[in-house]
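Where a number appears in this text, it was derived from the coordinates with a stated rule and is not lab data. Just so it is clear, the structure is predicted and the values come from calculations on it, not from any experiment. Here Cβ is always computed from backbone atoms with ideal geometry, including for glycine, and neighbour counts include all displayed protein chains.
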Amino acid sequence: MKRRNFICLLLIVIIFFTGILLYFRSPLRQNKNYPILSGSFIQVDLAQNWDENDWNRELKYLTENKMQYLILTNIAFTENNITETVYQSNIPGTKKIYGNTDQVDLCLKAAEKSGMKVFLATDFNNAWWNVSINDTDWFKNEMNKTNLICNELYKRYHSKYPHAFYGWYFPYEVDNAKFNSKDAFENLAQGININLNYLNSSKQRLPFLMSPFINSDMGTAKEYADNWKYFFSKVNLQKGDVFCPQDSVGSGGLDINQINPWFTALRKAVNTKKGLQLWANAETFDYVNNSSASLDRFINQLKLEQPCVDKIVSFSYSHYYSPNNINPGFNKAYSQYVKEGGLKNNNVPKPKNLTVSTIDKNEFKLTWNSPSRNDNIEGYKIYRNGVLIFNPVVQRKYGGQTKQFYLSVVDKPILQNNVRLFTYSVKSVDFYGNESHVSNTVTVASDTLKVFPILLSKGCNYTLSPKPDYNYDSLWSNKLTDSKFSSRYTVKDKAFLGWYNSPFNVQIDLKSIKQVSQFMIDYYRKPREWAMLPKSASIAVSEDGVNFIPVGLVRIPDVPFSERNGSKYPLYLTLNKPVRARYVKLTSIPEANHYIFIDEFQVRN
């Protein structure tokens, strides 16, 4: 009996210590130290008017928060065969911008003084976003031009600032939509090797950092990690180089809860390349309104990333949290976190005197007063029927939208067939992310949606001008009128047609002249797939197909701030009385650099 008890106890001890060993070998182990940033990106356009004092002040904010690294980008930028540089280049075909100041020199001078280490970006050609991954000649040419930039930067600044000039940043961002095969990563490795081999041969080899991004709608974590593993086997990276993926939370590519599985997969891929470091590039912004992310969300990102990575930098503390560019409340709150390891729990005073007025049919203006004590207010959260619809916050000096922090917003809700009342409320939010109690609530009445019963356009043919993007086109001439809606919330659903970055027309032939009075277009919206509602949409009608008469604008509603997943929006134009038409034309105008997707266009009476 004693022997059996001893064996059981021994097994328990072995299992316990095996578990401890596996725990500490796992990339998901929890570090006893709370995570903080090791550095920040700065795009030079932010600093285009900075002097030496501005740079010293910026790096003082960063070093006081225990940051050691700076990644300086947009040093050289090529578009339409013209390369603009922020320093005076001697390379033919380059053009100096931002006056007589040399922002590279000012940055390195301040970094040498403060002890920060700087990665300098090389040239970026904007054609990258449109060139095929199979165009190896184009990429080879760009890497040869990058070599010229590297040589010039190294000879000009490295001996002058030997401690500050620490590394190279590869500015071409790789994603898992365009780069989704081993062939693509083979071409990428061959191109980057042109640069790395040159740096080695010219004795200008410094730590090399690249920062790809992620979109979970375009593949799985394992697929992306496997492709990077293949890339690492082909590229001449060495000990001290840095693979630093964007966490893509700010841009919407990843949901915050997806961080651990994606970075765990990438950790395993990086571990196959001896000496390669894995950093995270944590995003400090929110793509919905291009504003600074709440600090509680950002700290949560750091906590999720820390177990998987060696260091965390940000895009970008300097742009979205630094007192050089925004209210110092963000820096004060983050500095307190750096010192104490947690965010303060404050009692936040609530907004006062919320009022709602009707400014147009089914369009409402909300106005409120700030709390009497408002020095620590970062922004407000506005709710409609309990759903977060707006989140105006303090804005940046450079790159911000000052109107977003007004104490009023205009709301145009989407109409529904069973909702007649909207109830509004507002909360205050401080720089730590603490929220107040709700303000007073105000309820207003609206029209309900009434869908007219007679569908006139089912199965009708139509013409498209221009044709959809080749990835989202169809051979069928009645896909938009077949009454078959998409079954999945993804642009990959074959029910959708999609257009990129240009206005388009859909013209339906009803086969004969009919009385028409209602028009519905089913739009798809998912920002992480670059699919947005149109900026505007209008309807025109004709009896002969030649002379068209505009009859009105489609009502574009305000999408709730909290809507982050794919959703469809059936948008309507309803006329006060019927008009005669055989041909009905929809014109949709997209937001810049986005897609419009639709799966149905209906004409009713």
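With helices as the sole contributors, the chain gives -7500 deg cm²/dmol at 222 nm; each DSSP H run of n ≥ 4 counts as -39500 (n - 2.57), and the sum is divided by every residue.
Since only Leu415, His437, Ile382 are under comparison, the one whose Cα sits farthest along the positive direction of the charge dipole of the range 352-445, derived from C-beta charges on Lys, Arg, Asp and Glu, is Leu415. Loop-resident chymotrypsin sites (Phe, Trp or Tyr not before Pro) (DSSP state other than H, G, I, E or B) in the range 417-471 with no more than 13 further Cβ atoms inside 10 Å of their Cβ are absent.
When only C-alpha pairs under 8 Å and at least 6 residues apart count, what is the relative contact order of the range 352-445, in percent? Rounded, it is 32 percent for the range 352-445.
Express in nm, to one decimal, how much length is gained between Asn505 and Asn81 on full extension, taking 0.36 nm for each residue of separation and deducting their alpha carbon distance.
On the way: separation 424, 0.36 × 424 = 152.64 nm, distance 3.32 nm.
Residue separation times 0.36 nm, minus the Cα-Cα distance, leaves 149.3 nm.
In a fully extended conformation the segment linking Ile556 and Thr402 would gain 53.1 nm over its present Cα-Cα distance, using 0.36 nm per residue.
Entry note, the range 36-340: relative contact order of 18 percent, from Cα contacts under 8 Å with a spacing of 6+ residues. Taking 51 Å as R0, compute the FRET efficiency from the Cβ-Cβ separation of Val579 and Ser132 and round it to 0.05. Result of the calculation: an efficiency of 0.60.
Taking the centroid of alpha carbons for each part, the range 120-175 and the range 373-435 are 41 Å apart.
Toward the positive end of the charge dipole of the chain, with +1 on the Cβ of Lys and Arg and -1 on the Cβ of Asp and Glu, the farthest Cα among Ile454, Asn257, Tyr500 is that of Asn257.
Bridge orientation summary for the range 246-333: considering DSSP beta bridges with both residues in this region, about 25 percent are antiparallel. Distance between the 7 Å Cα→Cβ label points at Asn33 and Asn144: 4.6 nm.
For the range 38-78, applying the loop criterion from DSSP together with a ceiling of 13 other beta carbons within 10 Å to the trypsin sites (Lys or Arg not before Pro) yields Lys66. When each of the peptides 101-108, 568-575, 482-489 is scored by the mean number of other C-beta atoms lying within 10 Å of its residues, the order from highest to lowest reads 101-108, 568-575, 482-489.
Gain on full extension, evaluated as 0.36 nm per residue between Val410 and Lys365 minus their Cα-Cα distance, stands at 15.8 nm.
If you take the square roots of the eigenvalues of the alpha-carbon gyration tensor of the range 237-332 and sort them as a ≥ b ≥ c, do you get rounded (a/c under 1.5), prolate (a/b over b/c) or oblate? Prolate, because a/c is 1.5 or more and a/b exceeds b/c. Fewest-first ordering of Ser114, Ser512, Ser335 by other beta carbons within 10 Å of each residue's beta carbon gives Ser512, Ser335, Ser114. Whole-Hz Karplus values for the range 597-602 come out as 10, 9, 10, 8, 9, 10 Hz, taken residue by residue from phi with 6.51 cos²θ - 1.76 cosθ + 1.60 and θ = phi - 60°; glycine and proline positions read x. Shape summary of the range 462-604, radius of gyration then Dmax from alpha carbon positions: 14.6, 45 Å.
The trypsin sites (Lys or Arg not before Pro) found in the range 335-369 that occupy coil by DSSP, while having at most 10 further C-beta atoms within 10 Å, are Lys361. Annotation for Ile549 and Asn346: the two label points, set 7 Å from Cα along the Cα-Cβ direction, are 6.0 nm apart. A convex hull fitted to the Cα coordinates of the range 263-388 yields 171 cubic angstrom per residue. For the residue pairs Lys268/Lys344; Lys361/Lys568; Lys66/Lys113; Lys66/Lys155; Lys66/Lys397; Lys160/Lys332, the C-alpha atoms sit more than 27 angstrom apart in Lys268/Lys344; Lys66/Lys155; Lys160/Lys332. Any idea what the relative contact order of the range 462-604 is, in percent, if you count C-alpha pairs under 8 Å spaced at least 6 apart? This gives 38 percent for the range 462-604.
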